[in-house]
Amino acid sequence: MFREKTKKLKKRGIKKDVCLTHHNGKINAISNKCPHQGGPLSEGSIENGLLRCPWHGWDFDPCGGDSEGYDDELKVYPLKIQGEEVFVGLEQESKHKKTVADLMVETMIEWGIDRIFGMVGHSNLGIADALMRQESQGKLKFIGVRHEGAAAFAASAYGKLTGKPAACFAIAGPGSTNMCTGLWDAKVDRAPILALTGQVATQVVGIGNFQELDLVTAFQSVAVFNHRVESQSQHSELMAIAIKYALLNRDVSHLTFPDQVQVLPAGKQKISTPENRITPLDIAPPKSA
């Protein structure tokens with residue numbers, strides 16, 4: 001029954017960020033978000049028998065989620081082990097509401113970008129979910145790679161061969177900077193390309209968070225359009241302009257997405273389309289020829 005319920009939830013697209021711990025010979029499933037600042041507990045460590053949040057050092061019981069007598073304990077999920085498989089019981093999610101990531105990915109598709117090469121990780125999950133939703137509808141193709149540099153080179157080659165940009169996609173920190181060589185390849189050969197990078201949550205910028213790196217500064221010399229997506233940005237318009245720069249300049253555009261911004265509600269923003277926004281890019285010989 002447990003296995004069948006898990007399969008049904010998976011078919012319905014149920015997704016939940018869960019932290020699995022292995023302590024004192026027991027595997028446990030608890031909420032992955034620290035209740036204080038939302039820190040990813042799966043990136044923490046078990047010290048002196050307690051699971052420590054990587055953002056601010058708060059400790060939790062790795063087996064039950066208790067917090068030393070405080071009332072901010074973590075949610076514990078039912079769990080069953082069969083052989084080498086671990087099954088976690090999840091509740092039915094409410095109907096999905098469009099996020100900032102959804103809006104920007106839909107804008108990207110409207111502007112003709114339907115190939116994305118990249119790697120999914122801790123800081124770009126909101127965008128990855130938006131890509132997955134569009135791929136399930138047949139509107140784009142995500143090609144997973146084993147190194148971010150390969151993603152950038154693949155997108156660069158796609159731009160050279162087709163004349164239209166593909167996107168490359170990476171997590172925060174060194175995962176993103178691994179794309180730089182491939183982006184320079186696109187730039188020097190004048191191939192349009194769009195780089196999308198995850199970033200640590202805004203509230204922990206500047207305090208030495210795991211893999212924190214100023215990606216706007218890191219991409220400054222290679223990208224002709226280079227911005228961080230903010231909570232109050234004109235999100236669809238920002239994506240549209242990024243792609244327009246890549247197309248018209250045959251160059252690199254880069255957008256970086258703080259973790260929490262990716263999953264913010266999209267609100268009533270409309271998709272910015274290329275209609276009446278860009279001249280036809282077909283190359284034709286002069287009339288005299």
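What follows is calculated from the coordinates using simple rules that are stated; it is not laboratory data. Note that this is a predicted model, so its numbers are computed, not measured. Virtual Cβ from ideal backbone geometry, glycine too; neighbours counted across all protein chains shown.
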- Charge tally in the Cβ shell below 15 Å around GLY57, where Lys, Arg are +1 and Asp, Glu are -1, GLY57 excluded: -4
- Considering only MET239, MET179, MET132, give the residue with the highest GNM mean-square fluctuation for the chain, with springs between Cα atoms whenever their separation is below 10 Å. MET132
- Query: To the nearest 10 degrees, how steeply does helix 235-249 sit against the main Cα axis of the chain, on a 0 to 90 scale?
  - Reply: 40
- Note on the structure: note: the chain, Cα-Cα separations exceeding 28 Å make up a percent value of 44
- Query: Counting Lys and Arg as +1 and Asp and Glu as -1, what is the net charge of the other residues whose Cβ lies under 10 Å from the Cβ of VAL224?
  - Reply: +1
- Calculated Rg and Dmax of the stretch 162-231 using C-alpha coordinates, Å: 12.8, 43
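Summing +1 for each Lys or Arg and -1 for each Asp or Glu, what net charge is found among the other residues whose Cβ lies under 14 Å from the Cβ of VAL105?
Result for the neighbourhood of VAL105: -1.
Determine the shape class of the stretch 100-262: with a ≥ b ≥ c the square roots of the Cα gyration tensor eigenvalues, call it rounded for a/c under 1.5, and otherwise prolate if a/b is greater than b/c, oblate otherwise. Walk me through the numbers on the way to the answer.
Details: a/c = 1.41, a/b = 1.20, b/c = 1.17.
Rounded is the answer for the stretch 100-262, as its axis ratio a/c remains below 1.5.
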- Query: Dividing the alpha-carbon Rg of the stretch 215-288 by 2.2 N^0.38 Å yields what?
  - Reply: 1.37
- Query: Could you list log10 I(q)/I(0) for the stretch 37-77 at q = 0.14, 0.16 Å⁻¹, which the Debye formula gives when each Cα is one point scatterer?
  - Reply: -0.25, -0.33
- Report, to the nearest 10°, how far helix 100-110 tilts away from the longest principal axis of the Cα atoms in the chain, using its own Cα long axis and a range of 0 to 90°. 30
- Note on the structure: Scanning the chain, every Cys lacking a C-beta partner under 4.7 angstrom -> CYS19, CYS63, CYS168, CYS180
